[in-house]
Amino acid sequence: MYKKAGFLLLFLITFGAALSAQTVTFEEYDPPSTLKVPENPLTRAKFPFIDIHSHQWRMGERDLNKLASEMDGINMGLMVNLSGGSGKNIVDAIKNIKTNQPKRFIVFANVNFSNIGDDGWGERAAAQLQRDYDQGARGLKIFKSLGFSVKDKDGNRVAVDDSRIDPVWAKCGELGIPVLIHTADPKPFWDEHDANNERWLELKLRPRRKRDANNPVPWETLIQEQHNVFKKHKNTIFIAAHMAWFANDLVKLGSLLDEMPNMMVEIGAVIAELGRQPRFAKKFLEKYQDRVLFGKDAYNPGEYATYFRVLETEDEYFPYYKRYHAFWKMYGLGLSDNVLKKIYYKNALRIVPDIDSSIFPE
Ligand SMILES: [Zn+2]
């Protein structure tokens, strides 16, 4: 009797375990790799690098000495803070930098798009940018709100290539400062949220990122608007954030760089795209070694390690830190010192004025 019950219990436990093994979800299925290969994890970049895409709010109040010593830990030579704002925020940030860490930080200004549509808005915005430059700003950052949520005074969407902004783009060319511009988002955010969507997990975890196909316009429209600006303002250098959202199509990105000599790109938040195509990405970065900058976007010191490892090592099948960006593994590109130096700092030194180059190797 007891024996029978024991068998029954054993059967139920086994059957239950088998059942639960069959219902592992995609999110749960993340097994540790059994692969044994040489591993060369990095905590510091091989050369001091410039992070062209960082955000520090209210920089005038930040402890820059503390921040700089944290940057030392990963060999970040210089941080470009894209969230400089304008007016007093710029003045305060520059004062703090000059007093405490003059060699380690650069600030980009931002444009205030409210009241666009008022007579003379463009000229006033350009004049404000001139004042911000005079105070020490050395670039302009355009947030992705342009093209998405920025509305003119009549309530209409302001396209990225709206001619009312032309005086601002022209001013940057005149001042010799670059524009780092983030337009749109990864294309899968506009696509069906189904099993064929590579960002399925991200859209599940961050459902507000999902857009209808025409919200506010198709992805292709936003991207085209951005390129129209680049083509119209040839004297201005534009850095398309996140590799212009073409890191997964480097043939296309190469043709865009060929077509628009004033276009640069940075690799923030798209290293996982390079890390899944190490041979082709290496060829691309060798060919376009003068056009690509190191950027990260979110300043989380622990996450830079993956960037260094992808760019510098030839490691195989190692994890990325955010599974909703990449459910696949990374492979190192093993870039040469020459190419690394360009991506890490030489290209930034060339296009961003007035960086103290003394901490960067020849
Ligand atoms: Zn950003």
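Here, each number is a calculation from the coordinates, and none is a lab measurement. All figures in this text were calculated on a predicted structure; none of them were measured in a lab. Cβ placement follows ideal geometry from the backbone for every residue including glycine, while neighbour counts extend to all protein chains displayed.
Worth pointing out:
- In this rough spin-label picture, where each label sits 7 Å from Cα along the Cβ direction, the LYS98-ALA298 distance is 3.5 nm.
- Relative exposure of THR313, THR43, judged by other C-beta atoms within 10 Å (fewest first): THR43, THR313
- ASN262 paired with LYS287, simple spin-label distance in nm, labels 7 Å along Cα-to-beta-carbon: 2.4 nm
- Eligible lysines near LYS231 by straight Cα distance, threshold 20 Å, same-chain separation 8 or greater: LYS141, LYS144, LYS171, LYS252
- A Cβ-based charge dipole, computed about the Cα centre of the chain with Lys and Arg at +1 and Asp and Glu at -1, lands at about 600 debye.
- Neighbour-count ranking [beta-carbon atoms within 10 angstrom, fewest first] of VAL80, VAL292: VAL292, VAL80
- Inter-centroid distance (Cα atoms) of the stretch 54-117 relative to the stretch 206-261, Å: 26 Å
- Averaging 1/r across all pairs of distinct Cα atoms in the chain and inverting the result yields a Kirkwood radius of 22.3 Å.
- Neighbour-count ranking [beta-carbon atoms within 10 angstrom, fewest first] of LYS346, LYS283, LYS252: LYS252, LYS283, LYS346
- Charge dipole magnitude, Cβ of K and R +1, D and E -1 - the stretch 101-197, Cα centre, debye nearest 20: 580 debye
- Between MET330 and TYR317, PHE318, TYR320, the built amide H atoms are under 5 Å apart, and every one of these is 5 or more places off in sequence or on another chain.
- Loop-located trypsin sites (Lys or Arg not before Pro) in the stretch 212-250 (DSSP state other than H, G, I, E, B) with a sparse environment of at most 15 neighbouring Cβ atoms within 10 Å: LYS234.
- Modelled spin-label separation between SER114 and ASP356, with each label point placed 7 Å from Cα along the Cα-to-Cβ direction: 3.7 nm.
- Across the stretch 149-163, computed HN-Hα scalar couplings (Karplus, 6.51 cos²θ - 1.76 cosθ + 1.60, θ = phi - 60°) run 10, 5, 10, 7, 5, 8, x, 8, 4, 8, 5, 4, 9, 4, 5 Hz from first to last residue, x flagging Gly and Pro.
- Annotation: amide H of MET264 within the under-5 Å range of PHE238, ILE239, ALA240, sequence separation 5 or more or interchain, hydrogens built in the peptide plane.
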